[in-house]
Amino acid sequence: MKRIVCLLTALMLILSGCTSQEPAKNDKKSVVVTIFPLYDWVREIVGDSEGIELTLLMNKGVDLHNYQASASDIIKITDSDLFIYNGGESDEWVEDILKENNNLNSLSVMESIEDLLKQEEEKEGMQEDEHEQVHEEGEFDEHIWLSLKNAKASCNIILNELVKLDSDNKDKYQANYDRYINELDKLDAEYEKAVSSSSKKVLLFADRFPFRYLVDDYGIDYYAAFKGCSAESEASFETIKFLAEKTDELNLKYVMILENSEEKIANAVINSTVNKNQTIESLDSLQSTTLADNRSYLDVMSSNLEVLKKVLN
């Protein structure tokens, strides 16, 4: 993957050197963002300001774990005034671009909220990922946006970068930020209330589990087939058996999956339980959301809350 990015970068530089045409002048500052949650945070802070031209890089519904930067993507990044990316395991392709463009103004959100990061967790019964590369140290869980508390910390970092980039609209960005933080606070409080009053505080995922930040925020326990960044798609007999026995032991009515996931593993778990009458429900991880979905970060997180209210009682 790194070699592909290097080749694309070299090709981009060759192509850019073959033209003497001056680029069109644009008073707007270009901000390129990799994934939808970060993009939506920027969009909320920018609001209707005409000082920023905002671009979402991953806008074709491709899961961030499977994304590969094209030559045109690299050009958008290197031509930008500010490049905002998540900074996790799935963003390793960014490293080569940054090395080739030392003066690129970039922001890794994960690095900026380092004190809030958690390492990926291996829970009891979780299937080992045979495709995972061996790391000397544990990887940080990159799904930081699935915590409203992380969202608030990240927005503060983003606000500071936008003000440095476009100080003329500082007051507008600050007002938009204050309004948005208030909305995040309200939803955070709704989560706290809903979970604290729930009769069950455990989720069982027959799928990957990218929600560690969310469950840790509110004291929810969980069991899952795979880690959040696992490349596995087939569950072993032992994994299905473990999840089915946990479903029976905890008397769970619901088996969870991610958005757009096949229900194959979930159905196998249900068919292996005693009563075989559980319902499949899904939580949206915002990993493949696009602008065409016409939903905001708050929309998705609010919908996830309604699912939690249902499955935790």
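None of the figures in this text is laboratory data; all of them are computed from the coordinates on show. Note that the coordinates shown come from a computational prediction; the quantities given were computed from them, not determined experimentally. Cβ atoms come from the backbone with ideal geometry, glycine included; neighbour counts cover every protein chain shown.
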Taking the Cα centre of the chain as origin, sum charge times position over the Cβ atoms of Lys and Arg (+1) and Asp and Glu (-1), and report the length of that vector in debye to the nearest 20.
800 debye
Only Lys, Arg, Asp and Glu count, each charged at its Cβ (+1, +1, -1, -1), so figure out the dipole size of the stretch 198-311 about its Cα centre, rounded to 20 debye.
280 debye
Which far-off residues, 5 or more places away or on another chain, put their amide H under 5 Å from the one on Ser106, with H placed in the peptide plane?
Phe83
Low-density loop cleavage sites - trypsin sites (Lys or Arg not before Pro) in the stretch 161-245, where at most 11 other Cβ are within 10 Å (DSSP)
none
To the nearest 0.05, the calculated FRET efficiency linking Glu234 and Asn105 through their beta-carbon distance, R0 being 35 Å, is 0.25
For the stretch 198-311, what relative contact order do you get, as a whole percent, if you take Cα pairs closer than 8 Å and at least 6 residues apart?
25 percent
Net length gained if the chain between Lys60 and Arg179 were fully extended (0.36 nm per residue, minus Cα distance)
39.9 nm
Rounded to the nearest 5, what % of DSSP beta bridges with both residues in the chain are antiparallel?
5 percent
What residues have an amide H closer than 5 Å to that of Phe140, excluding those fewer than 5 places away on the same chain, when H is modeled at 1.01 Å from N in the peptide plane?
Glu120
Give me the percent relative contact order of the chain, please, defined on Cα pairs under 8 angstrom at least 6 residues apart.
19 percent
Please tell me which of these pairs span more than 27 angstrom C-alpha to C-alpha: Lys60/Lys172; Lys123/Lys200; Lys29/Lys118; Lys76/Lys264?
Lys60/Lys172; Lys29/Lys118; Lys76/Lys264
Taking r as the C-beta separation of Glu121 and Lys200 and R0 as 22 Å, the FRET efficiency to the nearest 0.05 is 0.65
